[in-house]
């Protein structure tokens, strides 16, 4: 499954930061991590920190899957609004999940500083605004739900939004005091290199052809016939997990994003905030650390990358038109356009933990618009499970829930 199309900005901007060898021998380990994107790199970091002998493999170059196409918006907001999630899993559980996502952004900031990553991490606010007047009552209900549980939020009128951000055609919104942005492609490489120096073994361009599960081990055979014996396997392969798991547990969607040319104009009124709206599918927008603006959305059911490519020019024009409607005075000219794949779950929550069909295995699948924050939470969930302890959130992330 190919997960990106055309020119993901982060891949072009960064180039080939590092390359690792394919596996050429039989090998044993405590933990095998399948997937070398942002999720796999975070889980590997935790495993190495806890002194597990760890190997990471990827079927392509590391970070060249969905990580190269992510918009890297760090949000605590789950795709399902808090008040709706409360009706689905209970108020206490919904608030706990929102707060876990909130705190994960601070945890990620500490990690970035600890490994001295040059990924451009920046704390930002987040504005969730009404795309249409009819959306305002539900958005105010969401505002009250967040305010009631202590999340630091402020209600902005349409006039406030235009005055503060020069955004027109917004009909009020929730300003949250927690958010951030990074270059996830670079952070993945920085995490992998940091832990490679501490003993993490990394093999990219290593395709798994078969897996055999025994009561105390997992035996993985690669396409070249090499065997990896692991006590535990952690699948961090995102949307490609649908190739392994039989039941339909996630809906795959294609999302489209464009980035403009570097802007010489002052855009300081946009630089410290993430933007997204109530449209279905929702529109999202942020600036980059080199003075560009990124806008994405126009989601469709995932079919294949060929269809993504065919639609890219059309989606580019639609996203540009929507940007011009929101920011009519902004001098925008599209520079990069690409499509990526993401997953939508019925409750907006990830799948993290065991699956009954895969002994001695765990999955960390941070689907949704805030998949990176879910992956950070996954570090502590998997750590608890490896120690045969129960994490307070793991029941909400289980398969077949």
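Laboratory data are not the source of any read-out in this text; all were calculated from the coordinates shown. Not measured: the values here are computed from a predicted model. Note that we place each Cβ from the backbone using ideal geometry, even for glycine, and neighbour counts take in every protein chain shown.
Annotations for the structure displayed:
- As a rough guide to protection, the peptides 81-87, 395-401 ranked by mean Cβ packing within 10 Å, highest first, stand as 81-87, 395-401.
- Degrees between helix 91-115 axis and first principal axis of the chain (Cα, 0 to 90, nearest 10): 70
- Comparing mean-square fluctuations of 54, 242, 71 from a GNM of the chain with C-alpha springs under 10 Å, the top value falls on 242.
- Principal-axis analysis of the Cα atoms of the chain puts helix 136-148 at an angle of about 60° to the longest axis.
- R0 of 35 Å, Cβ-Cβ distance residue 205-residue 321: FRET efficiency to nearest 0.05: 0.30
- Rounded tilt (10° steps) of 38-49 against the dominant C-alpha axis of the chain: 50
- Extension gain (nm, one decimal) between residue 110 and residue 213, 0.36 nm per residue minus Cα-Cα: 33.4 nm
- Additional length obtainable on full extension of the chain from residue 247 to residue 360, 0.36 nm per residue less Cα span: 38.7 nm
- Prolate/oblate/rounded call for segment 125-178, Cα gyration tensor, a/c under 1.5 rounded: oblate
- More than 18 Å apart - percent of Cα-Cα pairs taken over segment 303-401: 62
- Top of 114, 277, 316 by mean-square fluctuation, Gaussian network on the chain, Cα under 10 Å: 114
- For the residues 201, 387, 178, a GNM of the chain with alpha-carbon springs under 10 Å puts the largest fluctuation on 387.
- Computed [θ] at 222 nm, deg cm²/dmol, the chain (DSSP H ≥ 4; -39,500 (n - 2.57); rounded to nearest 500): -10000 deg cm²/dmol
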